1. For residue 155, only one of the following conditions fails: (1) part of a loop (DSSP other than H, G, I, E, B); (2) at pLDDT 90 or above. What is its number?
2. Determine which single condition residue 365 fails, assuming it passes every other condition in (1) assigned to a loop (DSSP other than H, G, I, E, B); (2) modelled with pLDDT of 95 or more; (3) over 25 Å from residue 202 (Cα atoms); (4) within 22 Å of the chain's Cα centre (by Cα).
3. Between a first residue in the range 208-236 that is at pLDDT below 95 and a second residue that is not aliphatic (A, V, I, L, M), which pairs have beta carbons less than 9 Å apart while being 6 or more apart in sequence or on different chains?
4. Listed residues 402, 368; which is in contact with a Ser or Thr (Cβ under 7 Å, 6 or more places away or on another chain) and without any contact (Cβ under 8 Å) to a residue 24 or more places away in the chain?
5. Kindly indicate whether any position in the range 169-182 is modelled with pLDDT of 70 or more, crowded, with 18+ Cβ neighbours inside 10 Å, touching a helix residue (DSSP H, G or I) at 6+ places or on another chain (Cβ under 9 Å) and not β-branched (Val, Ile, Thr).
6. Within the range 1-54, take every residue that is touching a strand residue (DSSP E or B) at 6+ places or on another chain (Cβ under 6 Å) and either of a type in the set (S, T, N, Q) or surrounded by fewer than 16 Cβ atoms within 10 Å (Cβ to Cβ) (or both) and give me the one that is farthest from residue 208 (Cα to Cα).
7. Please verify whether residue 40 is modelled with pLDDT of 95 or more and in contact with a Pro (Cβ under 8 Å, 6 or more places away or on another chain), treating the condition exactly as stated.
8. Restricting the search to the range 82-92, which residues are surrounded by 11 or more Cβ atoms within 10 Å (Cβ to Cβ) and under 19 Å from residue 197 (Cα atoms)?
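The values are calculated or read from the model by the stated rules, or taken from the named source; none is laboratory data. Every value quoted in this text rests on a predicted model; they were computed, and no experiment measured them. Reconstructed Cβ throughout: ideal geometry from the backbone, glycine too, with neighbour counts over all protein chains shown.
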Amino acid sequence: MPRIAILGGGPTGLGAAYRLRERGVDDFEVFERAGQIGGLATSFQDAKGYTWDVSGHIIFSGYPYFNQFLEKMLGKEGIRRIDRESWIKFEDRYVRYPFQNHLSSLPERAMLECLIGLVESQTIDRDRAFRNFEEWVFAKFGAGVSKHFMIPYNEKVWSTPLSQMGFYWIAERVAVVDWKKALETALLPKIVDWGPNATFGYPATRGTVGLWLAVLPYLGDRVRYRKRAVCVDEDEREIRFSDGSTARYEKLLTTLPLEAFVTRLARAPESVRAASKKLLFNRLFTVGVGLKRPSPSTKNWIYFPNPKTPFYRMTYLSNYSPDIVPGGDTSRYCSLLMETTYSRFRPLPAGDFAKSVVNGLVDEEILQPADLPAIESVYLIHAAHAYPIPSVDRDEALETIQSYLESKEIYSRGRFGSWKYEIGNQDHSLMQGKEVVDRWLDGSAEKVFRS
């Protein structure tokens, strides 16, 4: 029997498989429920020749191992390097990201409210204990920035009450305000970049999945497709699949969504099942719109805090690579990618969702009514799990679940396997796979998963 079984052919599962081969281990199998690899980092090509990603993925990393892996898989010519141009659509105008560093672009009344809020926020006890993300936002950003951007935008992204979210996950995910810089840039307007992705990468061909397809030749005949795990007997160390087949293992790496994986366990105690029910997540509908016209903008992506706009982010996907559009001809074609989350707290809008997204593009003046006849593709992608919510009681639940799993030689890693949004990018995910393999083989510490 294969000594190691891997559930899921996304970045974590493939990263672990690659590392096993890199370290001379061949006794493993990867089981992927779909007919193609990639997980949330997969891509699809429609009948018109447009390539669509599940979400607005980009590549950037501070991990030397990941960057070496990236260059080995794609080569210098296989990765496009792009300077970030990200914006926020605020009422009738565009504001550069991050919002709080470009307040001079706001209408005067809104700018004044934001500046007053920033000053007032300095009177708050900076060492106070915040109970949730909502309290943290108001304390750190002030009432104005919270009202005009942070609260409405985050409510759209998470589709979860912000009062139920923790704030321990912030790190590089949220541009924390520097009130002095905010005042300076309001009085002396200038462009202020922030974050590790000021320059990012994107595969030159085949969309986001292009990177992960490049891994397959290194794995040999180790990936099994259309293998949906329906039960895991943690004592017998056996996986049962929906097609009736089974697989035994000595160690199991699962990248399945943690709460869904727990339901598949044959012998999990009630404390573990109860903990899994505390884990919150949202779902995603992505709508791709392909047009027979050049891109109307050089922007990369735009955030939309307006609650009436059905999507929270729009990406000019064809600006990432010509290969995204038919024939690679961006002088004739372009593609836009819109993302909308929903959850039990916030349902999708009623009616024809794709139509509401196209109408939203017109309402936000991304497209003009005259552009509508140029639309030749509308492509919908659904992700049953989009973001693992960093809820206030997440870590306590994770400790209960992960301790039990590891006592059974089951290791749950990846965006939804770890259930940690803060380590859910492609590089984090690959590193989790790589580091768990190193732990198995020589006892090395898992730095990313434990961060």
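1. Unmet condition: (1).
2. (4)
3. 220/21; 220/26
4. Only one candidate passes the filter, namely 402.
5. yes
6. Of everything passing the filter in the range 1-54, 1 is farthest from residue 208 (Cα to Cα).
7. no
8. Result: 82, 84, 85, 86, 87, 88.
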